[in-house]
Amino acid sequence: MTGQGTTKDRLLGLLLLVLALAMLGWLVADLAADRPVGGLMVAARVASVAFWLGLAWVALSDTRGLIGVVVAGGSVVLLLVAMAAGLLLTPDDFVGTTSKGPTTPEAARLLGAVLTGALVVGGVWAWRKLRRATQSGPR
């Protein structure tokens, strides 16, 4: 990061850093509270922090923005996998965590099944597309 970006980029980067710190604060507050937080919930929250940090890196970096894109993209995949697994395996951890989230373990499991299905369909689609691209070679 060389700091040569525009003022708008710096402000956006700082805002994204604040969001990352807020997500980290939420995780720390949950870990410090009496309510136990499962490992998959922690993984999902850490992935969320990494996402915001990756986007902040993109906004603040002049020459190495691709690193931020890779971090943000990888964290989205980790977030979705951790949430799907958590919703299926430990649904109680995800009940009542947000105002519009699942309110019962059964609703959390159903959401986890839908998310898992979407991840499988998306993964198969991406794999097939990549496979076709590598088989056809350069054009």
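Does Thr103 satisfy being hydroxyl-bearing (Ser, Thr, Tyr), under 24 Å from Gly38 (Cα atoms) and without any contact (Cβ under 8 Å) to a residue 60 or more places away in the chain?
Yes: the conditions hold for Thr103.
In segment 60-79, the residues that are within 21 Å of Met23 (Cα to Cα) reach residues that are of a type in the set (Ser, Thr, Tyr) and open to solvent by less than 70 Å² (accessible area, probe 1.4 Å) with C-beta atoms within less than 7 angstrom, at least six apart or across chains, in these pairs: Gly68/Ser61; Leu79/Ser48.
For segment 20-36, which positions are assigned to a loop (DSSP other than H, G, I, E, B) and either in contact (Cβ under 8 Å) with a residue 40 or more places away in the chain or open to solvent by 80 Å² or more (accessible area, probe 1.4 Å) (or both)?
Scanning segment 20-36 gives Asp34, Arg35, Pro36.
The helices (runs of 4 or more DSSP H) found wholly in segment 37-139 and carrying at least 1 residues that are among the hydrophobic types (A, V, I, L, M, F, W, C) and surrounded by fewer than 16 Cβ atoms within 10 Å (Cβ to Cβ) occupy 65-89, 105-136.
Pairs are defined by a Cβ separation below 7 Å, a sequence spacing of at least 6 or placement on different chains, a first member in segment 1-15 that is open to solvent by less than 100 Å² (accessible area, probe 1.4 Å), and a second member that is of a type in the set (D, E, K, R) and at pLDDT below 90; the pairs so defined are Thr2/Asp62; Gly5/Asp62.
The values are calculated or read from the model by the stated rules, or taken from the named source; none is laboratory data. Since the model is a prediction, treat every value here as computed from it, not as a measurement. Here the Cβ is made from the backbone with ideal geometry for all residues, glycine too, and neighbour counts use every protein chain on show. Heavy atoms of the whole protein, side chains included, go into the accessibility calculation; ligands, DNA and RNA do not. Shrake-Rupley method; radii C 1.70, N 1.55, O 1.52, S 1.80 Å.
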